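Each value in this text was obtained by applying a stated rule to the coordinates, not by laboratory testing. Computed from a predicted model, the values in this text were never measured in an experiment. Glycine gets a Cβ as well: all are built from the backbone with ideal geometry, and neighbour counts include every protein chain shown.
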Amino acid sequence: MSTADQCCEPQLLDLREYVAARGWRAVEFVDQGVSGARDRRPALDRLLAEVKARKVDVVVVAAFDRFGRSVRHLVETLELFRHLGVEFVSLREQIDTGSPLGQAVFTIIAAIAQLERSLIAERVRAGLRRARADGKRLGRPPLQVDLGRLESVIRRKLSVRSAAKELGISPSSYLRLVRAQEAVAGAPRAAAG
């Protein structure tokens, strides 16, 4: 996973030696001439597809920065590997999630990632609270359906799809409006006098 002016061969030699020393069968995924910062990398995408298909037991990389697009991507990928029971080895950082120390490092990385997600979620909630306090309406605008047309469609007893199409709304929105109309019609009437 390297740009055009970089050579992957020294990294590959180290990786092949490591894999051979353990008696594993190697399948190589190399993005030659593709920056590690890019969102789409064909070999990385193929590797992840193989992992998800459970055709890979261990992923060995030369270094974190040769593998992950960002810290977030690395953590998400490591969580995927852990979920699928795939070990991860980084030669430069000497991290092996199959070892107790590697598991501890992964646990720390995962905890930091969870903290980051929690902080982001709290910022979003705070932003929503602030918007509500400022009087901003959140969500979709309310449906604007002519009450006379709605009552006409209900009286004609059209199918849900036909009625929704005639009113220019979704079938689920139509059903919601019908229930609301029925609730209004069924509500007790109070006499003022």
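Worth a mention:
- Ranking 64, 83, 18 by Cα position along the charge dipole of region 9-113, where only Lys, Arg, Asp and Glu carry charges on their C-beta atoms, puts 83 farthest toward the positive end.
- Only Lys, Arg (+1) and Asp, Glu (-1) charged, at Cβ; the chain dipole about Cα centre in debye: 1720 debye
- Around the Cα centre of region 107-169, unit charges on the Cβ atoms of Lys, Arg, Asp and Glu (plus for the first two, minus for the last two) sum to a dipole of about 200 debye.
- Ranked packing of 48-55, 92-99, most packed first, by mean Cβ within 10 Å: 92-99, 48-55
- With respect to the chain, whose longest principal axis is taken over its alpha-carbon atoms, helix 71-84 is tilted by about 90°.
- Charged-residue dipole, Cβ positions (Lys, Arg, Asp, Glu), region 38-130 about Cα centre, Debye nearest 20: 560 debye
- The chain - Debye-derived log10 I(q)/I(0), Cα point model, q = 0.09, 0.12, 0.15 Å⁻¹: -0.62, -0.75, -0.93
- Mean separation of Cα pairs under 8 Å and 6 or more residues apart, divided by the residue count, gives the chain a relative contact order of 12 percent.
- Förster radius 45 Å - calculated FRET efficiency between residue 185 and residue 117 (Cβ-Cβ, nearest 0.05): 0.45
- Normalised alpha carbon radius of gyration of region 9-113 [divisor 2.2 N^0.38 Å]: 1.01
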